[in-house]
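Asker: Below is the structure I would like to discuss, written out as structure tokens.
The values are calculated or read from the model by the stated rules, or taken from the named source; none is laboratory data. Please read all numbers here as calculations on a predicted model, not as lab measurements. All Cβ positions, glycine included, derive from the backbone under ideal geometry; neighbour counts span all protein chains shown. What goes into the accessible areas is simple: the full protein's heavy atoms, side chains included, and nothing from ligands, DNA or RNA. Shrake-Rupley method; radii C 1.70, N 1.55, O 1.52, S 1.80 Å.
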Amino acid sequence: MGTRKALSWSDVKDKLADFDRPGLIGLVQDLYAASKDNQAFLHARFGLGDDVLKPYKATIDRWLWPDVFKNQDTSVTKAKRAIADYKKAVDQPESLAELMVFFCERAVGFSNDLGVQDEGYFNALVRMFGQALKVMDALPEGRRSALLARLDAVRRLGHNLGYGVGDNMDDLLAERGFDGGPR
């Protein structure tokens, strides 16, 4: 028996060409029913609901600020995946920056409140801080300044964590031409 080639998007795309409109709508309905992630994706893509960021923020919150009384753990990977999933759905800079700033707020808050000492966690926080600054470059000044004020609060708390977190955030702000404010 010969080896099978790996299936890819082009295989699926070829099959989709055979669908009529009702068949395609039925397929999307089945995908919608299959998972909460698919629902969040479609709600975000089509701008449905009052707050399309809510499920993405809930995921970030769960994985960056777990309930330690329930023995929940952290997962930077799963929190970052929520941002990547949103970006696939919409890729709107303002909302993307909002999720990134929220990520930073939750990570620094959890670390500061519980005394976390995890260099990998801190490195992810600093990287997301830098990515948020880059995305914010595309935003109108009014929206950028509001997010920058929130990142400044993150930076101030970052100085409490050690491992050079706050200093690295100061450097990232300086590289982008923002004043890091008082230390």
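Asker: Can you tell me the orientation of helix 21-34 relative to the chain, as the angle in degrees between its alpha-carbon axis and the longest Cα principal axis, to the nearest 10?
Answerer: It is inclined by approximately 50 degrees.
Asker: What whole-number value in Å² describes the accessible area per residue of the range 53-183 for a 1.4 Å probe? Working shown, then result.
Answerer: Values: 6510 Å² over 131 residues.
Value returned for the range 53-183: 50 Å² of accessible area per residue.
Asker: What part of the accessible area of the range 1-102, given as a whole %, is carbon or sulfur when the probe is 1.4 angstrom? Before the final figure, lay out each step's value.
Answerer: Values: 4060 of 7360 Å².
After summing per-atom areas, the C and S share lands at 55 percent.
Asker: For the range 24-183, with the dipole built from +1 on Lys and Arg beta-carbon atoms and -1 on Asp and Glu ones, taken about the Cα centre, which of Gln117, Gly26, Tyr86 lies farthest toward the positive end?
Answerer: Value computed over the given set: Gly26.
Asker: Further question on the same structure: At most 15 other Cβ atoms within 10 Å plus a DSSP loop assignment makes a site exposed; report the longest stretch of the chain without any exposed chymotrypsin sites (Phe, Trp or Tyr not before Pro). Display every interim value, and only then the final one.
Answerer: Working: sites that count: Phe19, Phe46.
The longest uninterrupted stretch comes out as 47-183.
Asker: Here are some pairs, Lys15/Lys134; Lys15/Lys36; Lys15/Lys54; which of them have Cα atoms lying more than 31 Å apart in this structure? Don't jump to the answer; show the numbers that get you there.
Answerer: Values: Lys15/Lys134 39 Å; Lys15/Lys36 25 Å; Lys15/Lys54 34 Å.
Those over the limit are Lys15/Lys134; Lys15/Lys54.
Asker: Aspartates and glutamates within cross-link reach of Lys80: Cα-Cα under 12 Å, excluding same-chain residues under 8 positions apart?
Answerer: Result set, ordered by chain and number: Asp61.
Asker: Summing +1 for each Lys or Arg and -1 for each Asp or Glu, what net charge is found among the other residues whose Cβ lies under 15 Å from the Cβ of Asn123?
Answerer: So the environment of Asn123 carries a net charge of -2.
Asker: Next question, about the same structure. With point charges of +1 on the Cβ of Lys and Arg and -1 on the Cβ of Asp and Glu, referenced to the Cα centre of the range 87-183, which listed residue (Phe178, Leu157, Leu147) lies farthest in the positive direction of the dipole?
Answerer: Leu147
Asker: Moving on. Spelling out what I want: for every residue of the range 127-140, take phi, set θ = phi - 60°, compute 6.51 cos²θ - 1.76 cosθ + 1.60 (Karplus), and round to whole Hz; glycine and proline get x.
Answerer: Running phi through 6.51 cos²θ - 1.76 cosθ + 1.60 with θ = phi - 60° gives 4, 5, 4, x, 5, 4, 4, 5, 5, 5, 4, 7, 8, x Hz.
Asker: Continuing with this model, one more query. For the chain, what is the charge dipole size about the Cα centre, in debye to the nearest 20, if Lys and Arg each add +1 at the Cβ and Asp and Glu each add -1 at the Cβ? Intermediate results must be reported in sequence, preceding the final value.
Answerer: On the way: 26 positive and 27 negative charges, 81 e Å.
Once rounded to the nearest 20, the dipole reads 380 debye.
Asker: Expressed as a rounded percentage, what relative contact order does the chain have, with Cα pairs under 8 Å and six or more residues apart? Show your work: numbers first, answer last.
Answerer: Numbers: 164 pairs, mean separation 28.3, N = 183.
For the chain, the relative contact order is 15 percent.
Asker: Right, here's the next one. Calculate one ³J(HN,Hα) per residue across the range 66-78 by plugging θ = phi - 60° into the Karplus curve 6.51 cos²θ - 1.76 cosθ + 1.60, and present them in order as whole Hz with x for glycine and proline.
Answerer: Values, residue by residue: x, 7, 5, 6, 9, 6, 6, 9, 9, 8, 4, 4, 5 Hz.
Asker: Let me ask something additional. Taking a ≥ b ≥ c as the square roots of the eigenvalues of the Cα gyration tensor of the range 25-173, is the shape rounded (a/c under 1.5), prolate (a/b larger than b/c) or oblate? The partial results should precede the final answer.
Answerer: Details: a/c = 2.63, a/b = 1.44, b/c = 1.83.
Oblate.
Asker: State the percentage of accessible surface on the range 123-169 attributable to carbon and sulfur atoms; use a 1.4 Å probe and exclude ligands, DNA and RNA. Kindly include the intermediate steps, with their values, before the conclusion.
Answerer: On the way: 1040 of 2040 Å².
Taking all protein chains in place, the range 123-169 shows 51 percent carbon and sulfur surface.
Asker: Where nothing but the Cβ of Lys and Arg (+1) and of Asp and Glu (-1) is charged, how large is the charge dipole of the range 82-183 around its Cα centre, in debye to the nearest 20?
Answerer: Details: 12 positive and 16 negative charges, 30 e Å.
Dipole about the Cα centre, nearest 20: 140 debye.
Asker: Would you mind getting the accessible area per residue of the range 1-48, heavy atoms of the protein chains only, 1.4 Å probe, in Å²? Please list the in-between numbers first.
Answerer: Working: 4350 Å² over 48 residues.
For the range 1-48, the per-residue accessible area is 91 Å².
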